[in-house]
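Scroll down for the structure; my scribbles are underneath it.
The values are calculated or read from the model by the stated rules, or taken from the named source; none is laboratory data. Only a predicted model underlies this, so the values are computations on that prediction, with no experimental measurement involved. Glycine also receives a Cβ, built like all others from the backbone with ideal geometry; neighbour counts cover every protein chain displayed.
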Amino acid sequence: MGDTAVVASLERGFDRLHELVERVRQGHAVALPVNAIALFERLAEVGAASAPRAVEAEPVVVPVLAEAARVPLQPLPPIEAEDLVRTTQEMVRVRSDVLDTLVNQAGEVSIYRSRLEQQVSTFRFNLVELDQTVARLRDQLRKLEIETEAQIIARFQREQQIAAHDSGFDPLELDRFSQLQQYSRALAESVSDLASLQGLLDDTTRQSETLLLQQSRVSSELQEGLMRTRMVPFEALVPSLRRTLRQAAQDLSRRAQLRVEGAHGEMDRTLLERMKAPFEHMLRNAVAHGVESAAERAAAGKPEEGTVTIRVSREATEVLLDVSDDGRGLDRDAIRGKAIERGLLRADAELSDRDLYAFILESGFSTAGEITQIAGRGVGMDVVASEIKQLGGSLAIDSVRGQGTRFQIRLPFTLAVTQAILIKQGESVFAVPMTSVQGMARITREDLAARMLDAAPMYTYAGERYVIHELGRLLGVGTRHSDDPQLPLLLIRSGELRAAVHVDQVVGSREIVVKSVGPQISSVPGLFGATIMGDGSVVIILDLPPLVRRGTALGQYADAVVRAAAEDGDAERPIAPSSVSDAAPRARPLVMVVDDSITMRKVTSRVLERVEMDVITAKDGVDALERLQERTPDVMLLDIEMPRMDGYELATHMKNDPRLKRVPIIMITSRSGEKHRQRALEIGVERYLGKPYQEADLLRNVQEVLGGQHA
């Protein structure tokens, strides 16, 4: 029997043994693998029979053992008690939930330390103010003493004619102090005492700052130590992945090997466990759809054994996982045909290869000709995409026909404590992990404005070209006006991405504790987590590379919409650049409710939602203008009396805006006088209703203005 067959039998035996161990671990009954035992017994017999017989030699009278017996045996060194204790304590099993709790509590300690540092900093600032106040008080008391002494001298000069006092002594030497001067001297002593207390407080504060600095170092080391206990090398998953690939290859009668690069790299245990199933799906797909049979590979000039490669690396705040094979690659025509067949793509649509390959991530999508246990059921890649999205990562697919397919996975490298740059955009403060920032530059306001006129604005830094993006546009928030002639740019570098992100202001840098924002928000691209500042406020942590990629994709989609509209003859119709979704027809009408009363907003929203209408709300005119930058409603329900901007001002602004002047406005107000009604009609308001309104009247008016708008 050849060595290849023996190795294959050993691998099957290992897989069978692994299955039995798993069943025992789960508490299930196991049956004795009689067939496997018989197979290995036959292998042992064949191996023994094929082994060359030893040449018989004459018996040796004095064996080697007898010679060795005369050598006195050296006793083993005694085992020290410390060695026993160290041996028994080398490995301690700790439940994962206990470890996670310890990590969270260590994070809470860091947060409270940060708040203490904030309070000590405030106390230090107040001490400086106290020092300045004491100095000012000293100066004022000195001036008071001078003025008092001058008054004493003047008074005694007037009394010089009295002989009893004309003794040649200075008036001050005669202790002729007024009551006011005695008070001033007492105040001077009190100020000296106050200065002494201020010095003691300053020394205590300095000692507290030193202790906080030491506690910060110990806390950071504790946090890092706990995080290291959660990190496991990727190679811990490699045996299971090899077994999955081997079983899939055996089921399909193909040959494939797994090669892992960077297996020593460490990842968070939870992250690695959740990525186990996606990796198994990708390996099965690589064998089922990628690796060819031995005959096909030989005909194509490839080795008979296919290779699936996993590369593990880390880049800034992301973990990069590349899964590639050297198989046949993705069938672009088959994917396109299947997408058209399922109604996911128009027959005349033109998509890039990467966008077309993304269809394999749809649930139930499969190009396999027949259904097997491994392929053809349309499950697998959709599970992979869903899990990666829940982890806050991204998945990109590249393929070359006849050469293979590559899946590039980017996952956030969760850090409990990290250094971050605090930035301000509009009125909001955000944190950006320092590991994701390549550098920071400044650009003049005029230069930035000139560059932004280009279709693809660029900024050159250290010989590399970076595409300029505005953080306000990426986040959909406003920009704060600044008189600073130099504007900051954060330079981001991730893989092939080069981006210079313009922010309103760079506040500074500090150590932050990363907290999870929950599964509902963590899947949003560009959100790394959140942190709690020293004053108790919550600050969102931005992951800029995914945020820039999403903004670029939305920009390309908007350009495609504009080109499609131009080809359809609608090039003259303006499309709001801030709202790509408005270019597509809505299935349900969108109504904006603007009222400063939260009760009215909630009640009106429920009334409209019951009749299948989408509703967005605003608390006043200024809030409504901000929301109008994002979405254009089909109709607006507007109150008159509101803070910051009333209904008349908002309606006037909308009727003078070319983009908003066609939006019908229904005013709902308690001001039912003719004067208020007449002013609203002069502005251009379509309907005027009083409070409280009847639901039937409101719905009838909304339907009428919507019907007139679409007529």
> Can you name the residue in the stretch 405-429 that is part of a loop (DSSP other than H, G, I, E, B) and under 14 Å from the mean Cα position of the chain (by Cα) and is also modelled with the highest pLDDT among such residues?
Replying inline: Phe413
> Any chance the stretch 457-476 includes a residue that's assigned by TED's automatic domain parsing to the domain that holds Val517, within 20 Å of Asp268 (Cα to Cα) and either touching a residue at least 12 places away in the same chain (Cβ under 8 Å) or in contact with an Asp or Glu (Cβ under 9 Å, 6 or more places away or on another chain) (or both)?
Replying inline: no
> From the residues in the stretch 320-356 that are under 16 Å from Ala396 (Cα atoms) and modelled with pLDDT under 85, which one is surrounded by the fewest Cβ atoms within 10 Å (Cβ to Cβ)?
Replying inline: Ser352
> Out of the stretch 665-707, which residues are crowded, with 19+ Cβ neighbours inside 10 Å and of a type in the set (Lys, Arg)?
Replying inline: Arg687
>> Can you say whether Gly647 is within 30 Å of Gly426 (Cα to Cα) and either touching a residue at least 40 places away in the same chain (Cβ under 8 Å) or in contact with a Ser or Thr (Cβ under 8 Å, 6 or more places away or on another chain) (or both), as far as the supplied structure shows?
In response: yes
>> With the structure loaded, tell me whether Leu650 is surrounded by 14 or more Cβ atoms within 10 Å (Cβ to Cβ), in contact with a Leu (Cβ under 9 Å, 6 or more places away or on another chain), in the same structural domain as Leu698 (by TED's automatic domain parsing) and assigned to a loop (DSSP other than H, G, I, E, B) or whether it fails that test.
In response: no
>> Can you find a residue that is at pLDDT below 90, in contact with a Phe, Trp or Tyr (Cβ under 6 Å, 6 or more places away or on another chain) and of a type outside the set (Gly, Ala, Ser) anywhere in the stretch 497-510?
In response: yes
> Which one of these is assigned by TED's automatic domain parsing to the domain that holds Val607 and over 21 Å from Leu590 (Cα atoms): Arg700, Arg687, Arg671?
Replying inline: Arg671
>> aliphatic (A, V, I, L, M), surrounded by 12 or more Cβ atoms within 10 Å (Cβ to Cβ) and modelled with pLDDT of 75 or more: which single residue out of Leu172, Leu201 fits that description?
In response: Leu201
> What residue, of Arg442, Arg451, Arg480, is at pLDDT 90 or above and of a type in the set (Lys, Arg)?
Replying inline: Arg442
>> For the structure I just gave you, tell me whether Asp15 is modelled with pLDDT of 70 or more and either touching a helix residue (DSSP H, G or I) at 6+ places or on another chain (Cβ under 6 Å) or within 29 Å of Glu305 (Cα to Cα) (or both).
In response: yes
> When the stretch 103-137 is examined, which residues are found to be over 24 Å from Val539 (Cβ atoms) and either surrounded by fewer than 15 Cβ atoms within 10 Å (Cβ to Cβ) or β-branched (Val, Ile, Thr) (or both)?
Replying inline: Asn126, Val128, Glu129, Gln132, Thr133, Val134, Ala135, Arg136
>> Can you tell me which of (1) without any contact (Cβ under 8 Å) to a residue 60 or more places away in the chain; (2) not in a loop (DSSP other than H, G, I, E, B) is the one Met642 doesn't meet?
In response: (2)
>> Restricting to the stretch 225-269, name every residue that is within 12 Å of Val287 (Cα to Cα) and exposed (fewer than 14 other Cβ atoms within 10 Å of the Cβ).
In response: Ser253
> Of the residues in the stretch 430-458, how many are in a strand (DSSP E or B), within 15 Å of the chain's Cα centre (by Cα) and among the β-branched types (Val, Ile, Thr)?
Replying inline: 2
> Within the stretch 656-671, is there a residue that is of a type in the set (Lys, Arg) and not in a loop (DSSP other than H, G, I, E, B)?
Replying inline: no
>> outside any loop (DSSP other than H, G, I, E, B), touching a Lys or Arg at 6+ places or on another chain (Cβ under 8 Å) and surrounded by 15 or more Cβ atoms within 10 Å (Cβ to Cβ): is that true of Met592 in this structure?
In response: yes
